[in-house]
Amino acid sequence: MKRALTAIVSIAILALSVTGCASKWIIDSEVHSFARWSPAPPAAGSTYRFERLPSQQSAEAAQAQLETMARTALERVGLVFSPDNARFSVLIGASSQGPLRSPYDDGYGFGTPGVPGMYLGASRGGGSVGFAFPPMVYERPFYKREVTVIMRDLRTNALAYETRAVHEGLWTDPAAVLPAMFEAALRGFPVPPAGPRRIDIEISR
């Protein structure tokens, strides 16, 4: 028993020394994008405004936060926020499922009945280490999130661009994850590659 606890403590200290040095995390997203520009993709400096669904209008504060997150990503691809002189409207959305049971727990979480439980975590969403009391197998919270960006050409009222990003991981704070997901969703704009692709965005811890 004593040897088992000593081993657990040693492993925990080692894991902490490794994870404690890290200052960056990778947010990986699966991205699908579709473009139908007519007659040509927009040039850098093209203007846009945000469009809201009726349900989004009733949740104004939350939608305003999402739009603030998305604006940074839209600026990175050369678009300019100008509601009074917009060529495009941009409709954004975000959804979240969780906390769910992590599909990685079977491979990374473990515990021994009757002794203090230890958990080690390592997945696409980050890492964790610690002890569980009472004795138990530790199950980490797990989230599945999705963001969408849809652009409409206001001159023709035609839908011109659609993209979405899906991320699964351990992050509990959407304010840390969603901006990176919007950035991933807009990678390749305005002419994205065909088919699904994985985009990794590094963020500060």
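The values are calculated or read from the model by the stated rules, or taken from the named source; none is laboratory data. Predicted, not measured: the structure shown is a model, and the values here were computed from it. Cβ coordinates were reconstructed from backbone atoms using ideal geometry, including for glycine residues, and neighbour counts include every protein chain displayed. We work out accessible area using only protein heavy atoms, side chains counted, and drop any ligands, DNA or RNA first. Shrake-Rupley method; radii C 1.70, N 1.55, O 1.52, S 1.80 Å.
Residue under question is residue 118, and the condition is that it be among the aliphatic types (A, V, I, L, M), at pLDDT below 80, open to solvent by less than 50 Å² (accessible area, probe 1.4 Å) and assigned to a strand (DSSP E or B); does it hold?
Here the answer is yes, as residue 118 does meet what is asked.
Among the numbered criteria (1) at pLDDT 95 or above; (2) out of contact with any Leu (no Cβ under 8 Å at 6 or more places or on another chain); (3) surrounded by fewer than 16 Cβ atoms within 10 Å (Cβ to Cβ), which single criterion is violated by residue 28?
Residue 28 satisfies every listed condition except (3).
Out of 196, 141, 174, 134, I need the residue that is open to solvent by 60 Å² or more (accessible area, probe 1.4 Å) and modelled with pLDDT under 95. Which one?
Exactly one residue qualifies, and that residue is 134.
Cβ-Cβ under 7 Å, sequence separation 6+ or interchain: first residue in the range 84-98 and on the phi < 0 side of the Ramachandran plot and open to solvent by less than 40 Å² (accessible area, probe 1.4 Å), partner of a type in the set (S, T, N, Q) and in a strand (DSSP E or B). Which pairs?
86/47; 92/148; 93/148
Can you find even one residue in the range 172-186 that is in a loop (DSSP other than H, G, I, E, B) and more than 22 Å from residue 75 (Cβ to Cβ)?
yes
Identify, from the list 187, 164, 152, the residue that is in contact with a His (Cβ under 8 Å, 6 or more places away or on another chain), open to solvent by 30 Å² or more (accessible area, probe 1.4 Å) and not acidic (Asp, Glu).
164 is the lone residue from the list that is in contact with a His (Cβ under 8 Å, 6 or more places away or on another chain), open to solvent by 30 Å² or more (accessible area, probe 1.4 Å) and not acidic (Asp, Glu).
Report, ordered by the first and then the second residue, all pairs with beta carbons closer than 8 Å, sequence separation of six or more or different chains, a first member in the range 53-66 that is at pLDDT 90 or above and open to solvent by less than 60 Å² (accessible area, probe 1.4 Å), and a second member that is aliphatic (A, V, I, L, M) and part of a helix (DSSP H, G or I).
That search, which allows pairs on different chains as well, returns 66/178.
Going by the structure shown, is residue 72 open to solvent by 60 Å² or more (accessible area, probe 1.4 Å) and of a type in the set (Val, Ile, Thr)?
When the stated conditions are applied, residue 72 passes them.
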